[in-house]
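Chemist: After the structure tokens below, expect a handful of questions from me.
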Ligand code: NDP
């Protein structure tokens, strides 16, 4: 069994000597397990995160352990009824030519339905990432504009096509001419090159009415260029920040903004601004009824700081901004 072990934790971009090729005996499956021969190994951006021991949403790969990864594999031997010898399955076998897996964790694939490699991409984790993040968080509406970067990749290309099915206008962003041509094949309405010198200008031209959904895959300068184009009520599913994965911690204000995006991603934070007027039509009546009752019943109490003298209005106001008020500041103007 040939395996790639994590040999070193990279600083910056990974290098070949961060991995060690190792030869081990082909493992033997136990009760309920199957021996798999790897046919395809998926390589995904998240693996860069697993190489680092920085605190994250998932445990790092330990030094000397096999690198993790999704695989499409053939069942060679099985001690379970869940799979049969010869089945092609989706597994999480890692960077190795054979692996032993719990048989009930395997998804049996039908090679006559679609190429089995789709289980690693468009019909696998990346496709599901696009589908769920776009529809649950982005919620694109007909006529809206949806932008996504890394848009020829498995996540971004699916985002663009699903958004199109939902009736949105789509802007794909990718690096280099060949990828930009591919964006058109995928049906994006506008195809932009983030390596071109004026992404901001290109976005302005491509999104004259602004951007309603920006599906964030990359962060960095692309995010900086997208930000000014975001419309009121825009949604930004923060899916990935691949532009920052190789970077070192940056103590500058730019680094602080980047860390905030990282926190939003890894903790699935909802950070959603609002101006109360947005909700008046839908919630004010309910507020007056419910809150009125609570105050009346003493379940909600309140504190007022009522000062006399209209002529003291300016200093009362200034004092309130400095915290000299004790409760809701009110000026008694007349009796
Ligand atoms: P891709 O196959 O699209 O590969 C990554 C791509 O990122 C590269 O091809 C490159 O495309 C782009 N890229 C890399 N560096 C930069 C940069 N500095 N600026 C702009 N673009 C850059 O990846 P996936 O489709 O598998 O994943 C896309 C994103 O989704 C990643 O951030 C990944 O971590 C994230 N993800 C998140 C998941 C989640 O559950 N939240 C699950 C799966 C993926 P180009 O040359 O076009 O710039």
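Bear in mind that the values in this text are calculations on the coordinates, not laboratory data. Note that the structure is predicted; figures quoted are calculated from it, not measured. Cβ coordinates were reconstructed from backbone atoms using ideal geometry, including for glycine residues, and neighbour counts include every protein chain displayed.
Chemist: For residue 107 and residue 259, what is the calculated FRET efficiency with R₀ set at 51 Å and r taken between the beta-carbons, to the nearest 0.05?
Modeler: Plugging the Cβ-Cβ distance into 1/(1 + (r/R0)^6) gives 0.90.
Chemist: Considering only the chain, what is the antiparallel percent among its DSSP beta bridges, to the nearest 5?
Modeler: 55
Chemist: I would also like to ask the following. How much mean residue ellipticity at 222 nm does the chain get from its helices, if each DSSP H run of length 4 or more adds -39500 (n - 2.57) and you divide by all residues, to the nearest 500 deg cm²/dmol?
Modeler: -8000 deg cm²/dmol
Chemist: Just to be sure I understand the model, the point goes 7 Å from the Cα along the line to the Cβ. What's the resulting residue 326 to residue 209 distance in nm?
Modeler: Distance between label points: 5.5 nm.
Chemist: Could I ask something else about it? Indicate the gyration tensor shape class of segment 1-157 (rounded, prolate or oblate), computed on the Cα atoms with a ≥ b ≥ c the square roots of the eigenvalues: a/c under 1.5 is rounded; otherwise a/b larger than b/c is prolate and the rest oblate.
Modeler: oblate
Chemist: Give me the distance in nm between label points sitting 7 Å out from Cα along the Cα-to-Cβ direction at residue 287 and residue 275, one decimal.
Modeler: The modelled label-to-label distance comes out at 1.5 nm.
Chemist: Would you please give the FRET efficiency between residue 37 and residue 59, computed as 1/(1 + (r/R0)^6) with r the Cβ-Cβ distance and R0 = 22 Å, to the nearest 0.05?
Modeler: Plugging the Cβ-Cβ distance into 1/(1 + (r/R0)^6) gives 0.25.
Chemist: Classify segment 125-266 from the C-alpha gyration tensor, please: rounded if a/c falls under 1.5, else prolate or oblate depending on whether a/b exceeds b/c.
Modeler: Numbers: a/c = 1.43, a/b = 1.29, b/c = 1.11.
Since a/c stays below 1.5, the shape of segment 125-266 is classed as rounded.
Chemist: Same structure, new question: What FRET efficiency would be calculated for the residue pair residue 302, residue 333, taking the C-beta separation as r and a Förster radius of 22 Å, to the nearest 0.05?
Modeler: That gives a FRET efficiency of 0.65.
Chemist: In addition: When a/c is below 1.5 the answer is rounded, else prolate if a/b is larger than b/c, else oblate, so apply that to the chain with a ≥ b ≥ c taken from the square roots of the Cα gyration tensor eigenvalues.
Modeler: Prolate is the answer for the chain, as a/c is 1.5 or above and a/b outweighs b/c.
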